[in-house]
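Peer 1: Here it is, the structure, as structure tokens.
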Amino acid sequence: MNEPSGLVPLSRFGPLDSLHGALRRRFPQMGVVSVGAPTESLTVTYRRRGPWRIRWDDGDELFIWSSGPQKDKPVGTLNHVERTALRIARPLGVATDALRC
């Protein structure tokens with residue numbers, strides 16, 4: 001079936017889209033921006049920290065810091081995306097004391 005010209009084809013959400021949603025849901029005070037279409041990485045900031053980037057490694061199925069003080073270190077997995085969001089928020093200085101994962 002042909003799609004009308006001028007429309008963007010639909011695509012499924014990927015791992016970075018899930019992480020973006022978890023970060024916005026759990027830590028709305030953080031700045032989170034998707035980079036690329038489809039999403040290639042996320043840029044995160046909080047107050048004067050960042051911007052730091054996070055990417056998805058398809059081979060290892062892990063989120064990886066691609067910039068910042070923990071560059072090239074794994075952050076977490078898609079299976080535990082809420083915990084991964086917490087592991088991103090902490091080094092940025094977001095108040096997470098009352099949260100548990």
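The values are calculated or read from the model by the stated rules, or taken from the named source; none is laboratory data. Given the structure is predicted, the values throughout are model-derived calculations rather than measurements. Backbone-built Cβ (ideal geometry, glycine too); neighbour counts: all protein chains shown.
Peer 1: Within the bounds of the range 50-72, is there any residue that is touching a residue at least 60 places away in the same chain (Cβ under 8 Å) and of a type in the set (G, A, S)?
Peer 2: Within the range 50-72, the first condition is being touching a residue at least 60 places away in the same chain (Cβ under 8 Å), and the residues that meet it are none.
Scanning the range 50-72 turns up no residue that is touching a residue at least 60 places away in the same chain (Cβ under 8 Å) and of a type in the set (G, A, S).
Peer 1: OK, next. Does any residue of the range 70-90 turn out to be buried (at least 20 other Cβ atoms within 10 Å of the Cβ) and in a loop (DSSP other than H, G, I, E, B)?
Peer 2: Checked the range 70-90: no residue is buried (at least 20 other Cβ atoms within 10 Å of the Cβ) and in a loop (DSSP other than H, G, I, E, B).
Peer 1: Next up: State yes or no: is A89 under 14 Å from V32 (Cβ atoms) and of a type in the set (G, A, S)?
Peer 2: Details: under 14 Å from V32 (Cβ atoms): yes; of a type in the set (G, A, S): yes.
Considered against the rule, which asks whether it is under 14 Å from V32 (Cβ atoms) and of a type in the set (G, A, S), A89 comes out as yes.
Peer 1: Here's another thing I want to ask about it. Tell me whether the range 43-54 contains one or more residues that are assigned to a strand (DSSP E or B), at pLDDT 95 or above, of a type in the set (S, T, N, Q) and within 21 Å of G93 (Cβ to Cβ).
Peer 2: Yes: one or more hits.
Peer 1: Which condition number in (1) touching a strand residue (DSSP E or B) at 6+ places or on another chain (Cβ under 6 Å); (2) at positive phi is the one that R53 fails?
Peer 2: With respect to (1) touching a strand residue (DSSP E or B) at 6+ places or on another chain (Cβ under 6 Å); (2) at positive phi, R53 is out only on (2).
Peer 1: Anything in the range 42-59 that is surrounded by fewer than 18 Cβ atoms within 10 Å (Cβ to Cβ) and either within 15 Å of T84 (Cα to Cα) or of a type in the set (K, R) (or both)? List them, or say none.
Peer 2: Correct list: T43, R47, R48, R49, D57.
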